[in-house]
1. Between Ser194 and Leu13, 0.36 nm times their residue separation minus their Cα-Cα distance comes to what?
2. Under the Karplus relation 6.51 cos²θ - 1.76 cosθ + 1.60, θ = phi - 60°, what is the ordered set of whole-Hz ³J(HN,Hα) values for the stretch 45-59, x standing for Gly and Pro?
3. Give me the 1.4 Å probe accessible area per residue for the chain, excluding ligands and nucleic acids, in Å².
4. Would you mind putting 133-142, 168-177, 210-219 in packing order, based on average other-beta-carbon counts within 10 Å, highest first?
5. Give the relative contact order (percent, whole number) for the chain; include only Cα pairs under 8 Å separated by 6+ residues.
6. By how many nm would the segment from Lys170 to Arg50 grow when fully extended, if each residue of separation counts as 0.36 nm and the alpha-carbon distance is taken off?
7. Of all accessible surface on the chain at a 1.4 Å probe, what whole percent is carbon and sulfur?
8. Count neighbours as other Cβ atoms within 10 Å of each site's Cβ, and list the GluC sites (Glu not before Pro) in the stretch 58-124 that are DSSP loop with at most 14 such neighbours.
Amino acid sequence: NEPDKKISCPETLVFDFPIDIRKATSILYPGQIRGGDFKAHGGFRFDNSRPDEITVTAPIDASVVVGARYPAFGEVQYTLEFEHPCGIRYRLGHLLTLAPKFQAIAEKFPLPETLDSRTTEVRPPVAVKKGEIIATAVGLTGKGVGGTGAANTFVDWGVYDYRQKNEASKDPAWAAAHTSPTYQYGVCWFDWISKEDRAIVLSLPSSDGTSGTQSDLCK
């Protein structure tokens, strides 16, 4: 669902990183095919860190509006989506251990028996301040039933600007093949961070060996 556009956005809305970028070993580019499906979100990998060595914090002031929890290899994964009042959202996925405030929210989400990441609305939305701790572990420990036994430390991060559809969606053929609102309103979050942070991001290798740095959203 497309959120309501309630107020004017600041002229510049700059996100902090939701994680300590110094610990990232590679990044996932927003707007590329991964695992056979188009992904509007990007993310970070931390191959030198355990899941419980990564803390996730709020990159801007916003409110939790939707979320999900679901099992993956015997471990529960959490997704939370946050909205700025002007209609810009960000989504964090593959959160493993939530801070108490967010665990209380997530306990109200359905817990399916299979990998079903459909989201549930949070009513009323819960306000979150920039810098607030959201999660204290990400990814998979590998110790769950069906797990590999080895840690897989990563987190998804997507940004969506619901004020207008993205440039890629102006191509009718692309829009017809990418009908989800998250596809058509997804943006390259590289453009929503400081120039200094962007330089750090672009210095990191791509996490995806197939799509690499190819992206429909990042130009």
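1. On the way: separation 181, 0.36 × 181 = 65.16 nm, distance 0.99 nm.
Stretched out fully, the Ser194 to Leu13 stretch lengthens by 64.2 nm.
2. Values per residue, Gly and Pro as x: 10, 9, 6, 9, 10, 6, x, 7, 9, 10, 9, 10, 10, 5, x Hz.
3. Working: 10830 Å² over 219 residues.
Result: 49 Å² of accessible area for each residue.
4. Values: 133-142: 21.4, 168-177: 12.5, 210-219: 15.8.
Highest-to-lowest ranking by the protection proxy: 133-142, 210-219, 168-177.
5. 29 percent
6. Details: separation 120, 0.36 × 120 = 43.20 nm, distance 4.12 nm.
Stretched fully, the Lys170-Arg50 segment lengthens by 39.1 nm.
7. Values: 5530 of 10830 Å².
Carbon-and-sulfur percentage of accessible area, whole number: 51.
8. Values: sites: Glu75, Glu81, Glu83, Glu107, Glu113, Glu121; in loops: Glu107, Glu113.
Here the GluC sites (Glu not before Pro) that fit, given the DSSP loop and packing criteria, are Glu107, Glu113.
The values are calculated or read from the model by the stated rules, or taken from the named source; none is laboratory data. Computed from a predicted model, the values in this text were never measured in an experiment. Please note: Cβ atoms are built from the backbone with ideal geometry, for glycine as well, and neighbour counts cover all protein chains shown. Keep in mind that these areas ignore ligands, DNA and RNA; they rest on the heavy atoms of the full protein, side chains included. Shrake-Rupley method; radii C 1.70, N 1.55, O 1.52, S 1.80 Å.
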